[in-house]
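Have a look at the structure below before the remarks.
Just so you know, all these numbers are worked out from the coordinates, no wet-lab data involved. Computed from a prediction, not measured in an experiment: that's the story for all the values here. Every residue, glycine as well, gets a Cβ built from its backbone with ideal geometry; the counts of neighbours run over all protein chains shown.
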Amino acid sequence: MNLLLGKRIKELRSLRTYTQEYMAEQIGVSRQKYARIENGINTISLDSLSKIASVLDVTVGDITRVLDDSPELAYRSDSKTPSQEILDMLDLFYANKHMYTRLVYRDQDTE
């Protein structure tokens with residue numbers, strides 16, 4: 001997944017003729033970290049993905065669309081698209097965060 005996203009980001013960056021240095025500066029990371037994103041070595045956060053999309057003047061969906069076409073996932077005919085899986089993971093994260101916050105406040109109220 002990281003390799004596919006990195007390759008897509010690199011393609012979009014090349015179309016704009018932006019350098020890795022320029023992209024790294026715009027999203028607030030080192031050029032080395034940005035290069036690792038493009039090479040699929042680093043996992044890309046949703047925040048970084050949003051910043052990259054903004055700099056490239058595309059949507060996050062334009063970048064992640066490459067995951068929907070991935071032949072690596074074709075054997076799972078009953079599975080969700082990677083984009084939907086990411087959204088489901090985000091929903092789960094925020095649900096857990098909300099539950100944690102409620103538990104912490106409940107424990108503070110009983111003290």
How would you order 42-52, 28-38 from highest to lowest mean count of nearby Cβ atoms within 10 Å? 28-38, 42-52
Sorted on mean Cβ neighbours within 10 Å (highest first), peptides 90-103, 2-15 come out as 2-15, 90-103
Label model pair residue 50, residue 32: point-to-point distance (7 angstrom along the Cα→beta-carbon line) in nm is 2.8 nm
